[in-house]
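The structure under discussion appears below in the form of structure tokens.
Only the coordinates and a few stated rules stand behind these numbers; no lab work does. Every value quoted in this text rests on a predicted model; they were computed, and no experiment measured them. Methodologically, a virtual Cβ is constructed for each residue, glycine included, from the backbone with ideal geometry; neighbour enumeration extends over all protein chains shown.
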Amino acid sequence: MKKNIFLVVILTFIGGYVMAQAVKHGATKADPTDFQGWYGASFNTNLPRKWSINLNYQARFIDNLSYYNGSYITLGAAKKLNKHLEFMGDYRLALVRAGVYNRFTIGTEISKKLKHLNLAFRFQLQNQLQEFDDVTKPTDKSGYWRTRFQGKYAINKKWEAYASIEPIMKFGGSYFVDNIRNTIGFKYKVKKDLKLDAFYIYRPDYSKSYNRLYNIIGFNADYTFKVKKHKKKSS
């Protein structure tokens with residue numbers, strides 16, 4: 001187990017070290033397209049009574065992978081009511097160059113398995129709080145609702161492919177849809193409890209006065225372990 005955790009930590013920082021740092025720090029009106037990299041690791045625990053807990057760390061690089069923008073740490077929990085319905089919630093701490101953000105999310109997911117294909121629909125409510133002073137938005141408290149349609153296909157015992165579309169909408173925003181995450185990815189099972197995830201996100205953004213476009217590549221190491229249920233000893 002210790003060797004697996006060490007491997008996950010090492011994979012988290014592969015591609016994480018970047019020497020150059022650009023000036024513009026993200027998409028601008030003059031250059032609205034940006035290429036980004038999101039690198040992370042996840043630790044998942046399956047608990048008794050169909051509960052699960054997950055911890056995720058992600059480092060994000062912007063300006064065509066040349067600028068480290070910050071770290072995102074997420075702690076979440078989920079409860080399966082049956083094989084089709086699951087409730088979840090999480091808290092995310094974003095330590096970015098601009099400052100600190102706190103985000104709280106609750107939601108539910110409905111899924112259906114058809115042989116090698118798994119279909120899922122997820123609905124979430126999200127509240128984000130800004131914990132730093134900004135002249136343009138000194139007290140930023142934003143609420144969002146987001147939906148995701150996802151399909152996963154088991155190619156074989158080792159490989160899995162998936163794709164999803166996820167529109168994100170801000171309450172009281174100027175646009176009905178603020179941005180859309182269109183994702184395709186592959187997961188490879190290294191061991192029973194360790195998977196490597198490589199993905200690409202095509203993300204058009206409409207939340208400003210000009211349209212932005214983000215092309216994102218990402219890598220994630222996903223480690224899962226079960227907490228065994230202790231059996232009562234018979235007297």
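Between residue 77 and residue 193, the distance separating the two model label sites (each 7 Å from Cα on the Cα→Cβ line) works out to 2.2 nm. Once the Cα-Cα distance is subtracted from the 0.36 nm per residue extended length, the residue 87 to residue 182 segment shows a gain of 31.9 nm.
What is the fewest-to-most order of 190, 227 by other Cβ atoms lying within 10 Å of their Cβ?
Ordered by Cβ neighbours within 10 Å, fewest first: 227, 190.
Taking other C-beta atoms within 10 Å as the exposure proxy, 199, 176 rank 176, 199 from fewest upward.
Would you list which aspartates and glutamates come within 16 Å of residue 158, measuring only between C-alpha atoms, while excluding same-chain residues fewer than 8 positions from it? Of all the aspartates and glutamates, those that pass the test against residue 158 - Cα under 16 Å, at least 8 places apart if same chain - are 193, 197, 222.
Which of the three applies to region 109-231, rounded, prolate or oblate, going by the alpha-carbon gyration tensor with a ≥ b ≥ c and a/c under 1.5 meaning rounded? It comes out prolate by the Cα gyration axes.
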